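S.K.: Take this structure first; my questions come after.
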Amino acid sequence: MAGIGIAAELGLPSGNFSNLSGIGLGASFKADLPIADNFAVTLNAGFMNFFGKRSQLFHVQDLTYIPTKAGLKYQLGEHFYAEGELGAALPLNKNQQTLFAWSPGIGNQFNLSGGNKLDLGIRYEAWTGKNNITGLDKSNSKGFVGVRLAYVLGI
């Protein structure tokens, strides 16, 4: 069944990204468009803000992005699914670059009245690109565990 969902997002930075931010919060819209019995194409766009770490010695700016992704979702059971998405994370901060986004994840949908659902998903998401600091040949990578709680309207 096709569905359009609006969600609250939580991002828990991992690896080196956890040195810059302790938590990210955001929102997203996602459409599921069935293409076969257990397969759907997903279209996802949102807003994500990772709060910069602060101390007496340093202040890291918040990192704000608009992630846009498309992917495939496979229903493993009546309510349980696995999915993978690819796209871009578009920066809203100055001096930041657009990053390649990818995310595998799993989730469970709980039936509500009227064909609507509550969707709880967890994923690993990474945004990668080339570092924009001259003289450094390092990857600009931001990885996090994402938790998404959505209200899905069945259409």
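S.K.: Between residues in the stretch 138-150 that are part of a strand (DSSP E or B) and residues that are among the β-branched types (Val, Ile, Thr) and modelled with pLDDT under 95, which pairs lie under 9 Å by C-beta distance while being six or more apart or on different chains?
M.R.: Ser139/Thr128; Asn140/Thr128; Asn140/Ile133; Ser141/Thr128; Lys142/Thr128; Gly143/Thr128
S.K.: So Gln61 clears everything in (1) in a strand (DSSP E or B); (2) within 19 Å of Leu10 (Cα to Cα); (3) of a type outside the set (Gly, Ala, Ser) except one condition, right? Which one?
M.R.: Single failed check for Gln61: (1).
S.K.: Quick one: which of Gly22, Gly46 is open to solvent by less than 70 Å² (accessible area, probe 1.4 Å), farther than 18 Å from Leu120 by Cα and in a strand (DSSP E or B)?
M.R.: Working: Gly46 fails: farther than 18 Å from Leu120 by Cα.
Going through Gly22, Gly46 in turn, the sole match is Gly22.
S.K.: Right, here's the next one. Among all residue pairs at least 6 apart or on different chains, which show Cβ distances below 9 Å where the first residue, located in the stretch 11-32, is closer than 19 Å to Gly107 by Cα and the second is open to solvent by less than 10 Å² (accessible area, probe 1.4 Å) and among the polar types (S, T, N, Q)?
M.R.: Here the result reads Gly11/Ser21; Lys30/Thr42; Ala31/Thr42; Asp32/Thr42, each pair linking the stretch 11-32 to a residue that is open to solvent by less than 10 Å² (accessible area, probe 1.4 Å) and among the polar types (S, T, N, Q).
S.K.: Consider the stretch 83-121. How many of its residues are over 17 Å from Gly15 (Cβ atoms), of a type in the set (A, V, I, L, M, F, W, C) and open to solvent by 30 Å² or more (accessible area, probe 1.4 Å)? Outline the logic, then answer.
M.R.: Here is the first cut: in the stretch 83-121, the ones over 17 Å from Gly15 (Cβ atoms) are 83-88, 90-98, 105-121.
Cutting the leftovers down to of a type in the set (A, V, I, L, M, F, W, C) gives us 86, 88, 90, 92, 106, 110, 112, 118, 120.
Filter once more, keeping what is open to solvent by 30 Å² or more (accessible area, probe 1.4 Å): 86, 90, 92, 106, 110, 112, 118, 120.
Looking only at that region, the number is 8.
S.K.: Taking Ala70 and the conditions (1) open to solvent by 20 Å² or more (accessible area, probe 1.4 Å); (2) closer than 19 Å to Pro13 by Cα, which numbered condition does it fall short on, given that it satisfies the others?
M.R.: Of (1) open to solvent by 20 Å² or more (accessible area, probe 1.4 Å); (2) closer than 19 Å to Pro13 by Cα, only one is false for Ala70: (2).
S.K.: Could you check the stretch 50-64 and list, in sequence order, the residues that are open to solvent by less than 50 Å² (accessible area, probe 1.4 Å) and in contact with a Ser or Thr (Cβ under 9 Å, 6 or more places away or on another chain)? Lay out the reasoning, then the answer.
M.R.: Narrowing the stretch 50-64 to residues open to solvent by less than 50 Å² (accessible area, probe 1.4 Å): 50, 52, 60, 62-64.
Result: Phe50, Gly52, Val60, Asp62, Leu63.
S.K.: Please go through the stretch 71-118 and give me each residue that is in contact with a strand residue (DSSP E or B) (Cβ under 8 Å, 6 or more places away or on another chain) and outside any strand (DSSP E or B), ordered by number. Don't jump to the end; show me each part of the working.
M.R.: If we filter the stretch 71-118 for residues that are in contact with a strand residue (DSSP E or B) (Cβ under 8 Å, 6 or more places away or on another chain), which is where we start, we get 71-76, 79-93, 96-112, 114-118.
Once the filter is applied, which keeps residues that are in contact with a strand residue (DSSP E or B) (Cβ under 8 Å, 6 or more places away or on another chain) and outside any strand (DSSP E or B), the stretch 71-118 yields Leu76, His79, Leu92, Asn93, Gln96, Gln97, Thr98, Leu112, Gly114, Gly115, Asn116.
The values are calculated or read from the model by the stated rules, or taken from the named source; none is laboratory data. Given the structure is predicted, the values throughout are model-derived calculations rather than measurements. Cβ atoms come from the backbone with ideal geometry, glycine included; neighbour counts cover every protein chain shown. SASA here: full protein model, heavy atoms, side chains in, ligands and nucleic acids out. Shrake-Rupley method; radii C 1.70, N 1.55, O 1.52, S 1.80 Å.
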